[in-house]
Structures are given as C-alpha cells and as structure tokens.
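The values are calculated or read from the model by the stated rules, or taken from the named source; none is laboratory data. Note that the structure is predicted; figures quoted are calculated from it, not measured. Cβ coordinates were reconstructed from backbone atoms using ideal geometry, including for glycine residues, and neighbour counts include every protein chain displayed.
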Amino acid sequence: MSSLNPASPMARQVANVWWGMFAFATLVLVAVSAIWIYAMVRKPRETSEQEALRINRRWVIGGGIVLPSVSIIVLLIFGIPTGRNMLPLPVEGEQPLRVEVTGHQWWWEVHYPDSGVTTANQLIIPAGRLVDVAVTSADVIHSFWVPRLGGKMDMLPGRTNVIRLQASHAGVFHGQCSEFCGLQHAQMKLHVEALEQSQFETWLAARTDLSYEKGAPAEAGQVFSDRCGQCHRVAGITDGNRAPDLSDLATRPTLGAGVIDNSSEGLRRWLNEHKTLKFGNGMPAHDDIPPQTLDQIADWLETLAP
C-alpha cells in the first residue's frame, strides 16, 4: 500500500514529486529554524525606524511572496506532467484496455466492457499494458486508489472519471477507497493483480460467456434463488444486480471486499456472521435459514470457478 514503493511509471513519477517536496520542505524547515535560533541568541542592535521598515519589507516580499511563488511554480513544473501522464490521452500502437469500476457501499464492481465479464472486489490487469479505469459510484462519493500504480480518482454518482494505470511487472497490489464513505469505509479494499499478457487473456477468456447449468441442490437451491438471487448474479442461474456478481466467487482471494480470506471455513463464517464481520452491509441476516442449508449453499458456492 506504499506509494513510495512504486510499481508503475505513473506511480514512480508521483513518488518523485513527493520526495522532491519532502526535500524542499526539509530545507525550508532547517533554514527557518536556523534563522529563528539566530534571532533568539544574537545581541540586539540599534536600528532606525526607516531601516526597520526596510528589513520588514524585505522579509515580507522575500518570505511571503517570492519564496511561496517560486515554490508553487517549481511544484507545478514537476506536478503537471505527472498528472498529465495519468490522463486517458490518445496513444499510438496498442490501445489501452478499458475497465469500468463502480463503487458501492462497501464493495467494488469491476466490468470489462469489451468481453462482457463482470467480477467483484478484484481488478485483474495485464502487466505492461496501459489500462484506462473508468470509475463512478452507485451511491455516495468514493475514491479509487491503488497506491503502487498511480494517483487517486474520485468516484462520483452520475459522473464517470477515467484514470490511466500501467503495472511495470506482474504481481499483486492492493487498492483502497480513499474517500470516507460510511461505517465500513476502511473495509472497502480492492485486490489488484497484474498478470502476464497470456495469463490475462486466459483469465478473461475463462469468464467470457460463462454460464452454469446446475444450481445448489434441493432446498439450498430454492433458498438461494428466492433470497440470494434477488441481489446476486450467478451466470445462468440468477440475474440479481444489486450485490456482487458471484459467478467466479471461488477464485477470489477474499470475501466482503477484503474482510476475510476466501476459504472453506471463511465462506461458512461469512454466511453466518457477515453482519458482525462487516456491520451495516446490505445483506440480510440468515438466522432463519437452517445451518445445514447454509452449508449446502457454501458447498455449491465453492464450485463457482471457471
């Protein structure tokens, strides 16, 4: 999560600007401290009123106008090109991959429009390729931020902003909503993973036109269809669109947008304790569902892998 450990050209430029600001601020602090100490220990000397006014005028002009103006100009010289490189400007050659990310309280909907693939709480991208991430919000203001890959971008209801990312190498990175969005703001995490181009194409192809024919068995299937399926989509089984798409649930590393590991034990705990694990989330309690039925649903959910 450290923006000072960049893994992309954009993030490296952001880190360079930060280090430059840090170095300059340190110099200013040292200079001001030295002047303050000198003023405290030096012997007073007699000055005329006119000379005192000239000295005061120099400090006001030099320290209050010239220094801030030069500092801002230098910062803009370095900062504007850095911000420009994260804009979705036209490029020659291979075009950027477009990914649409929608923020919800408190999870991420991730859609690949060119292939029709939708997943949740994970952003899988090809390493080395430009990626234009179009971000918006379904409810309140969120903010998209993957510290090691680039800057932040606000996610506003009714508006789409675009930020450009590019992972320098394959690896796992982490994203986080960086705009306070409610009780579980801190638990709105995004798994970001860069794959080699061939691996990414395999990942995407496995989810393109994905469809299941067999739902959960017996009573578990009916319960899932009547209750869970009203909000959750499982390709070929249910068409809910108010909650995370579960079509590739078994392949995701976490549940609840980073709240708990996606394991057999974690999945059962999530189904039984989600109101405690992530207080305020929109999924209703399952207290009225028999434990054995929840276990059957969990067993079936573990099979949802392309």
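Brief remarks on what is shown
- Checked against (1) of a type outside the set (D, E, K, R); (2) closer than 30 Å to A23 by Cα; (3) not in a loop (DSSP other than H, G, I, E, B), M86 passes all but a single condition, namely (3).
- The residue list A298, A250, A305, A257 contains one member that is under 18 Å from N121 (Cα atoms) and surrounded by 18 or more Cβ atoms within 10 Å (Cβ to Cβ), which is A257.
- Only listed residue being buried (at least 19 other Cβ atoms within 10 Å of the Cβ) and in a helix (DSSP H, G or I), chosen from F173, F200, F144: F200
- For beta carbons closer than 7 Å, sequence separation of 6+ or different chains, a first residue in the stretch 286-306 that is in contact (Cβ under 8 Å) with a residue 40 or more places away in the chain and a second that is surrounded by 15 or more Cβ atoms within 10 Å (Cβ to Cβ) and aromatic (F, W, Y), the qualifying pairs are I297/F224.
- The residues on offer are I80, I61, I72, and the sole one that is within 25 Å of the chain's Cα centre (by Cα), free of Cβ contacts under 8 Å to residues at least 24 places away in the same chain and part of a helix (DSSP H, G or I) is I80.
- Index of the failed condition, A52 passing every other in (1) farther than 20 Å from Q13 by Cα; (2) surrounded by 10 or more Cβ atoms within 10 Å (Cβ to Cβ); (3) modelled with pLDDT of 90 or more: (3)
- For the stretch 102-111, filtering for residues that are touching a residue at least 40 places away in the same chain (Cβ under 8 Å), part of a strand (DSSP E or B) and either out of contact with any Pro (no Cβ under 6 Å at 6 or more places or on another chain) or not assigned by TED's automatic domain parsing to the domain that holds S8 (or both) leaves 4.
- Any pair with Cβ under 6 angstrom, 6 or more apart, that starts in the stretch 112-125 at a residue that is modelled with pLDDT of 95 or more and outside any loop (DSSP other than H, G, I, E, B) and ends at one that is surrounded by fewer than 20 Cβ atoms within 10 Å (Cβ to Cβ) and of a type in the set (G, A, S): none
- Filter result for W270 (in a helix (DSSP H, G or I), among the aromatic types (F, W, Y), in contact (Cβ under 8 Å) with a residue 24 or more places away in the chain and crowded, with 16+ Cβ neighbours inside 10 Å): no
- Considering the stretch 111-125, the residues that are surrounded by fewer than 22 Cβ atoms within 10 Å (Cβ to Cβ) and of a type outside the set (S, T, Y) include one that is nearest to the chain's Cα centre (by Cα), namely Q122.
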